[in-house]
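Q: Attaching a single structure in structure tokens format; questions to follow.
The values are calculated or read from the model by the stated rules, or taken from the named source; none is laboratory data. All of these numbers come straight from a predicted model, not from anything done at the bench. Because the Cβ atoms are built from the backbone with ideal geometry, glycine has one as well, and the counts that use them run over all protein chains shown.
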Amino acid sequence: MCRMSRRWQLLALSGVLTVPMAVSAVNAQGGNRPALAEAMLVRQDSSDCGNSDVKADDPSRIGGTVLITRESDGQYRVKVAITATPNTVYHFFLKCVKQLGDLKTEDEGQAIAEFEFAAEPSAPTFDMYPEGAPAGQKFQSTPVKLP
């Protein structure tokens with residue numbers, strides 16, 4: 001099975017591909033609903049704290065997705081789904097702030113994890129890499145735009 005097929009299968013199984021429908025439904029309902037956004041994890045060795053130069057215009061560099069929910073109390077919840085190097089622990093960071101936790105890929109390189117953190121930045125960005133941060137194995141999120 002090709003890498004993109006596994007990635008889309010992982011995203012579909014994790015429910016991340018339903019993000020546009022969920023965002024539309026929440027925005028249409030209004031009220032005191034959580035704000036939702038999606039960011040892609042792009043293979044890129046570095047960027048600034050806002051990931052201003054990270055673009056998801058090359059599908060071969062996309063290694064995962066992050067679904068971000070900001071609750072009405074300001075708490076953030078993120079669901080991460082990746083396809084990366086098999087049997088590898090990736091450290092997942094709230095960019096320029098703190099480590100949120102780890103994801104461990106399985107034998108086909110897939111992993112899913114959820115993290116929570118208190119509202120710190122108004123537009124959170126993320127990065128992810130294995131121990132030692134080897135070149136070519138770092139991922140940056142596309143800029144997040146919460147509604």
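Q: Do you know which residues across region 88-112 are touching an Asp or Glu at 6+ places or on another chain (Cβ under 8 Å) and over 20 Å from VAL54 (Cβ atoms)?
A: VAL89
Q: Then there is this: Those residues that are without any contact (Cβ under 8 Å) to a residue 60 or more places away in the chain and either within 13 Å of the chain's Cα centre (by Cα) or surrounded by 14 or more Cβ atoms within 10 Å (Cβ to Cβ) (or both), I need them from region 55-81; list them, please.
A: ARG61, ILE62, THR65, LEU67, THR69, GLU71, TYR76, ARG77, VAL78, VAL80
Q: Only residues that are free of Cβ contacts under 8 Å to residues at least 60 places away in the same chain and surrounded by 15 or more Cβ atoms within 10 Å (Cβ to Cβ): list them for region 102-112, please.
A: If the condition is that a residue be free of Cβ contacts under 8 Å to residues at least 60 places away in the same chain and surrounded by 15 or more Cβ atoms within 10 Å (Cβ to Cβ), then ASP102, LEU103, THR105, ALA111 are the ones that fit.
Yes or no, residue by residue, for (1) in contact with a helix residue (DSSP H, G or I) (Cβ under 9 Å, 6 or more places away or on another chain); (2) modelled with pLDDT of 95 or more; (3) of a type in the set (Gly, Ala, Ser); (4) assigned to a loop (DSSP other than H, G, I, E, B):
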site: ALA56; (1), (2), (3), (4): no, yes, yes, yes
site: PRO86; (1), (2), (3), (4): no, yes, no, yes
site: SER122; (1), (2), (3), (4): no, no, yes, yes
site: PRO147; (1), (2), (3), (4): yes, no, no, yes
